[in-house]
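First up is the structure itself, then whatever we jot down about it.
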Amino acid sequence: MPTNKQQRLAAQRRLQRQLEKRAETARKRRRNLLVVVTVVAVVLVAGAVALVAGLGGDDDSARAAASSSSAPATDGTGATAAPAVPNADGTVTCTYAPDTSGNPSLTDVGTPPDAASTPASGTLGLLMSTDQGDIPLTLDRTQAPCAAASFAYLASVQFFDGSPCHREVNQPTFGVLQCGDPTGSGSGGPTYKFAEEVTPETTYPRGTIAMANSGQPGSTGSQFFLCFVDTQLPPDYTAVGTVDEAGLAVLDTIAAAGNDGSFEPSPGGGAPNLPVTITSMTVVA
């Protein structure tokens with residue numbers, strides 16, 4: 001028959017085994033929880049990247065060939081889409097670099113004139129007439145002089161006329177109507193690109209007009225998006241101006257109809273259920 005000492009030792013061993021088992025169970029739970037959290041985080045980040053990349057205007061081959069460096073993007077000839085350079089007279093010099101990606105969806109309309117003396121103050125009005133109603137736009141030359149000059153130039157050569165707004169995203173923190181591609185494919189634009197005009201403080205509240213890009217530096221072209229909700233995006237897209245209240249009312253009607261989901265799961269959204277075509281884009285002031 002076991003002595004009292006032997007019984008105590010046996011009890012201590014049983015307790016030790018129980019404690020070790022509980023510790024191992026706790027470790028497994030923490031490990032499993034970490035795996036779940038990591039997977040969720042990866043999915044969320046990947047989804048955000050897909051949504052953001054979907055604002056671009058380049059085709060897939062051009063995006064794949066583009067550098068992942070933070071330096072200005074260069075094309076195959078070495079031309080660089082450099083940031084605007086301030087001039088002594090208060091203007092800026094904009095660089096509109098040729099796009100030599102070979103993308104067949106690009107349209108050659110030349111480049112904005114007088115790029116070496118681009119106005120860098122004041123505003124410029126445009127009237128975006130669509131088959132769903134007029135959307136007045138105000139471009140901010142102080143905040144984005146090169147984008148404003150390009151936008152006005154493309155309007156002056158009827159680049160946008162007759163083009164569909166090809167993509168809409170309807171999410172609580174990401175609501176945009178994307179336009180500016182004459183082909184309606186999402187890969188079209190002019191045969192030039194230029195640098196993004198952004199700061200770390202750039203945001204996209206309701207009513208913002210912002211320029212799309214491929215996700216690579218120096219890849220802004222003609223595509224733009226109109227925010228009908230406060231949109232959460234990284235400060236990578238040039239905020240070029242604002243939509244007035246009358247224009248927002250038209251956007252709200254378009255947004256209320258939703259989209260067809262044809263761009264899901266990536267880049268997200270789809271063609272507007274209420275089709276939108278830009279009948280004309282004219283400079284009004």
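General remarks:
- Single residue of Gly258, Gly215 found to be surrounded by fewer than 21 Cβ atoms within 10 Å (Cβ to Cβ), under 12 Å from the mean Cα position of the chain (by Cα) and more than 20 Å from Gln143 (Cβ to Cβ): Gly215
- Scanning the range 172-186 for residues that are within 14 Å of the chain's Cα centre (by Cα) and not aromatic (Phe, Trp, Tyr), we see that the one that is surrounded by the most Cβ atoms within 10 Å (Cβ to Cβ) is Val176.
- Failed item in (1) within 27 Å of Asp99 (Cα to Cα); (2) in a strand (DSSP E or B); (3) out of contact with any Phe, Trp or Tyr (no Cβ under 6 Å at 6 or more places or on another chain), with Thr242 passing the rest: (1)
- Pairs linking a residue in the range 185-205 that is in a loop (DSSP other than H, G, I, E, B) and among the aliphatic types (A, V, I, L, M) to a residue that is open to solvent by 30 Å² or more (accessible area, probe 1.4 Å) and modelled with pLDDT of 95 or more, with Cβ atoms under 8 Å and 6 or more positions apart or on different chains, are Ala195/Thr95; Val198/Pro235; Val198/Asp236.
- For the range 82-107, a residue qualifies if it is farther than 19 Å from Val198 by Cα, open to solvent by 50 Å² or more (accessible area, probe 1.4 Å) and not in a loop (DSSP other than H, G, I, E, B), and the qualifying residues are Pro98, Thr107.
- Complete set of residues in the range 261-285 that are open to solvent by less than 60 Å² (accessible area, probe 1.4 Å) and more than 15 Å from Pro136 (Cβ to Cβ): Gly261, Phe263, Pro267, Gly268, Gly269, Gly270, Ala271, Pro272, Leu274, Val276, Thr277
The values are calculated or read from the model by the stated rules, or taken from the named source; none is laboratory data. These numbers were taken from a predicted model, which means no experiment stands behind them. Cβ: placed from backbone, ideal geometry, glycine included. Neighbour counts: every protein chain shown. The protein model used for the area step is the full one, side chains on, heavy atoms only, and it has no ligands, DNA or RNA in it. Shrake-Rupley method; radii C 1.70, N 1.55, O 1.52, S 1.80 Å.
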